[in-house]
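The numbers here are math on the coordinates, done by the rules we state, and not lab data. Note that the structure is predicted; figures quoted are calculated from it, not measured. Using ideal geometry, Cβ is built from the backbone for each residue, glycine included, and neighbour counts are taken over all protein chains shown.
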Amino acid sequence: MDLPGAKVGEVCVRFAPEPSGYLHIGHAKAALLNKYFAERYKGRLIVRFDDTNPSKESNEFVENVLKDIETLRVKYDVVTYTSDHFPKLMEMAESLIKQGKAYVDDTPKEQMRSERMDGVESKRRNSTVEENLSLWKEMVNGTKRGTECCVRGKLDMQDPNKSLRDPVYYRCNPDSHHRVGSKYKVYPTYDFACPFVDALEGVTHALRSSEYHDRNAQYYCILQDMGLRRVEIYEFSRLNMVYTVLSKRKLLWFVQNNMVEDWTDARFPTVQGIVRRGLKIEALIQFILEQGASKNLNLMEWDKLWTINKKIVDPVCGRHTAVLKDKRVLFTLTNGPENLARVC
C-alpha cells in the first residue's frame, strides 16, 4: 500500500472520530490504516476529536475512544480537538462572508433541502455583505433571529454533484459543549471544519472511507476558497460486516432503550464488545491489514475474523476435560506413564 506523493519523514495523517459513541470495528479499520501509513513513512499520527456537535458528544465517549485506541495498540503523536480551533474557524467563516464566498440563509430546513435537490438558488444567496454580517452577528449571539439562520458556502447550485450546491458551513446549537460549555452558540459543520483543521494541523494525507467520495470535490473547493494548501485525500472502502449494524446512531438506540447492557455488550460490534467476546487484538489487526486500503466495496463475514482468532488462540489455549462425578467409571490404564496407573 502506497500513499500518493508521500515522502519518508514528511507524512502526517490523522484519525478523527466524533466523540458520539464507542469505536466499532469500522473505526478500527480507519485507525489501523492511519497507524500503518504513519509507521511506514516514519511520519506523524494525530488523533483529533471532531467535536462539532454538542448535542451528541460527551467526555465518556472521549475517554472510551482513547481507551479503544490504546487497545488497538495505535501509537499517536498528539491528541487534538476541533474545538481547539473554534475561534479561528469563526474568523474564517466571517472572512468568507466578507469576500462574498459565503452567505447567511434563513430558508427553512425542508425548503432548503428541496431547493438543493432541484438546483434552485436561495433568495438570500445574493444578499449584501452588510446584511450577511448582521445576521452572522445574530447567530454568534444566539438570538431568536440568529437561531433561524445558517451560514452556507457560495459554491455552485447547478453542479451535478449535489455536495457542491451551497453546503452549510455553520449552524446554531444552544446545547452545552462537553469541553467549552456554553461559550459558543454556533458550531461549524464537519464539511467546513475538516479541511480547515487538516490544513492547519499540517496533515498531508487525509484517509477517508469511500462513502465520502462525492464530498471530495467539496473538500478541495472549500480549501481553495479558504486560500489554504492542498491536502491529499486517500480513499479506502468502508468495512461492512454481514448482519451487523455499524451506525453509532442506531447502536445508541439499543443502549438508550436498555436492549443491551451498554456499549461493551458482547453482542455489539464495538471494539470493547468484540474483545469482551474473546477476540484477540492480533486477530483484528491481521484481519484489517489483509484487506488493505482497497476501494472495492465488500461485505465481510464474521467467520473469517473468528477463524483468524482461532489460529492465534489455539496454540496457547489450555485443553481441559471434565467428567461428571456421578458418571465416573473406575478403569486401569496399561502401557501409560509410570506415574499414572489408575484414574478414577
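Apply 1/(1 + (r/R0)^6) to the Cβ-Cβ distance of residue 294 and residue 71, taking R0 = 25 Å, and write down the FRET efficiency to the nearest 0.05.
Step by step, r from the Cβ atoms, then E = 0.50.
Can you give me the C-alpha center-to-center distance between segment 105-150 and segment 20-77, rounded to a whole angstrom?
34
Provide the FRET efficiency to the nearest 0.05 for the residue 301-residue 220 pair, computing r from the beta carbons and using R0 = 35 Å.
The computed FRET efficiency comes out at 0.45.
Using square roots of five times the C-alpha gyration tensor eigenvalues, list the equivalent-ellipsoid semi-axes of segment 200-326 in whole Å, biggest first.
39, 19, 13
Based on the Cα atoms of segment 87-188, what semi-axes does the equivalent ellipsoid have, where each is the square root of 5 times one gyration tensor eigenvalue, given in whole Å with the largest first?
23, 15, 13
If each DSSP helix of 4+ residues adds -39,500 (n - 2.57) and the sum is divided by the residues in the chain, what number results at 222 nm, nearest 500 deg cm²/dmol?
Helix contribution divided over all residues of the chain: -11000 deg cm²/dmol.
So how much slack lies between residue 113 and residue 60, counting 0.36 nm per residue of separation and subtracting their Cα-Cα distance, in nm?
Contour length minus the Cα-Cα distance gives 15.7 nm.
Taking other Cβ within 10 Å of each residue's Cβ, how do 52, 128, 334 sort, fewest first?
Lowest to highest Cβ neighbour count: 334, 128, 52.
Compute the Rg/Rh shape ratio of segment 1-135: radius of gyration over Kirkwood radius, all on alpha-carbon atoms.
Rg divided by Rh gives 1.10.
Once you keep just the Cα pairs under 8 angstrom separated by 6 or more residues, what percentage relative contact order results for segment 87-188?
Reported relative contact order: 26 percent.
Nearest 5 is fine: what % of DSSP beta bridges in the chain come out antiparallel, could you say?
45
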